[in-house]
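Contents: one structure, followed by commentary.
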Amino acid sequence: MDDEVLTAALPEERRLLIAAQLRREARVRVDELVVQFAVSGETIRRDLQVLEERGMARRVYGGAVARQSGTWQLPDGGRQVTLRDPKRSIAALAATLVGASDTIVIDAGSTAAEVARALPGSFSGRVLCCSLPAAAELASREGVEVHLSGGQLRRGALSCSGPAAERFFGEYFADHAFLSAGGVHAGAGVTGPWLPENAVRQVILGQAAACYVLADHTKIGKISVGRICRLSDLAGIITDEGADPEEVSALEQAGATMLVAPPVAPAD
């Protein structure tokens, strides 16, 4: 990273930048980060504690080192587990980015639905959904305000799109948005297969303060038919440890902030 002082970085933005630096350099020092971000040592140590709690760093004397990934073996024949657990890992990391009273957008898709399940019990904010499964997951949560967009329903996915959904999201501003994608590529950016849903995502991108793409390892390095956005439009891309390291590196070199979620135990 350049030696410029990043005085304008907000706390979450600063943590994402530190996480990205850890991925590149394997180690960071508190004294160097203090100069780099023009904040106190106490602030940096608090940032490193948050990153450690998210499984993205390990604190050591004077700084932190990148979390070392162990080998994660899946049960033989566990195709359903293979598809499920990375999504749960991604969702668990995404949920740590949400404040207790935030307004958030949860997109359609199985990984996005996992984010709804992963929100902590302390969450009492507002959730804007275009997905029936995500809305149903949160409908019984006391203190959570759920808004469901209208629009044309896609069978199977139970997701809403079209002009009504676009108008709905155009009326709200959100703190965070968690978007689905069919592919994330260093050259092509973020792409998706369902064009009406891509249009809804483009509206959301203009209304949320920070947008994250949820992309398991099968989506990294892939290109789908329709473009959603540039990498520079995102606060980060959340993936799992199965992502090809070369593809992750290519995305980082293209300017993306990559957040690699540590594995979680399979659900019973």
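The values are calculated or read from the model by the stated rules, or taken from the named source; none is laboratory data. From a predicted model like this one, the values you see are computed outputs, not experimental measurements. Methodologically, a virtual Cβ is constructed for each residue, glycine included, from the backbone with ideal geometry; neighbour enumeration extends over all protein chains shown. For accessibility, only protein heavy atoms count, side chains too; no ligands or nucleic acids. Shrake-Rupley method; radii C 1.70, N 1.55, O 1.52, S 1.80 Å.
Ranked highest first by average number of other Cβ atoms within 10 Å, how do 127-135, 184-192 line up?
127-135, 184-192
Taking the Cα centre of the chain as origin, sum charge times position over the Cβ atoms of Lys and Arg (+1) and Asp and Glu (-1), and report the length of that vector in debye to the nearest 20.
460 debye
When the helix-only estimate is applied to the chain (DSSP H runs of n ≥ 4, each -39,500 (n - 2.57), divided by the residue count), what is the mean residue ellipticity at 222 nm, nearest 500 deg cm²/dmol?
Numbers: 9 runs with 99 residues, N = 268.
Dividing the helical sum by the residues of the chain leaves -11000 deg cm²/dmol.
What net charge do the residues around Ser249 carry, taking every other residue with its C-beta under 15 Å from that of Ser249, with Lys and Arg at +1 and Asp and Glu at -1?
-4
Apply 1/(1 + (r/R0)^6) to the Cβ-Cβ distance of Arg117 and Ala188, taking R0 = 35 Å, and write down the FRET efficiency to the nearest 0.05.
For R0 = 35 Å, the calculated efficiency reads 0.70.
Once you keep just the Cα pairs under 8 angstrom separated by 6 or more residues, what percentage relative contact order results for the stretch 86-169? Write down the numbers at each step before the final one.
Details: 155 pairs, mean separation 20.5, N = 84.
Worked out over the stretch 86-169, it gives 24 percent.
Can you compute the charge dipole magnitude of the stretch 84-125 about its Cα centre, using +1 on each Lys and Arg Cβ and -1 on each Asp and Glu Cβ, nothing else charged? Give it in debye, rounded to the nearest 20.
160 debye
For the stretch 149-268, what is the accessible area per residue in Å², given a 1.4 Å probe and the full set of protein chains?
44 Å²
Carbon and sulfur atoms: what percent of the 1.4 Å accessible area of the chain do they account for?
50 percent
For the stretch 227-237, take each phi angle, set θ = phi - 60°, evaluate the Karplus expression 6.51 cos²θ - 1.76 cosθ + 1.60, and give the result in whole Hz per residue in order, putting x for glycine and proline.
Those phi angles translate into 6, 9, 6, 7, 4, 5, 7, 10, 6, x, 10 Hz.
Taking each pair of different alpha-carbon atoms in the chain once, compute 1/r for the pair, average those values, and report the inverse of that mean as the Kirkwood hydrodynamic radius in Å to one decimal.
19.0 Å
Could you compute the net charge surrounding Arg201? Neighbours are other residues with a C-beta less than 12 Å from the C-beta of Arg201; K and R count +1, D and E count -1. Display every interim value, and only then the final one.
Working: positive: Arg227; negative: Asp107, Glu166, Glu197, Asp233.
Summing Lys and Arg as +1 and Asp and Glu as -1 gives -3.
Tell me, what does the Kirkwood hydrodynamic radius of the stretch 129-260 come to in angstroms if you use every pair of distinct C-alpha atoms?
Numbers: mean 1/r = 0.0656 Å⁻¹.
Answer for the stretch 129-260: a Kirkwood hydrodynamic radius of 15.2 Å.
Taking 8 Å as the Cα distance limit and 6 or more residues as the minimum spacing, I'd like the relative contact order of the chain as a percentage.
16 percent
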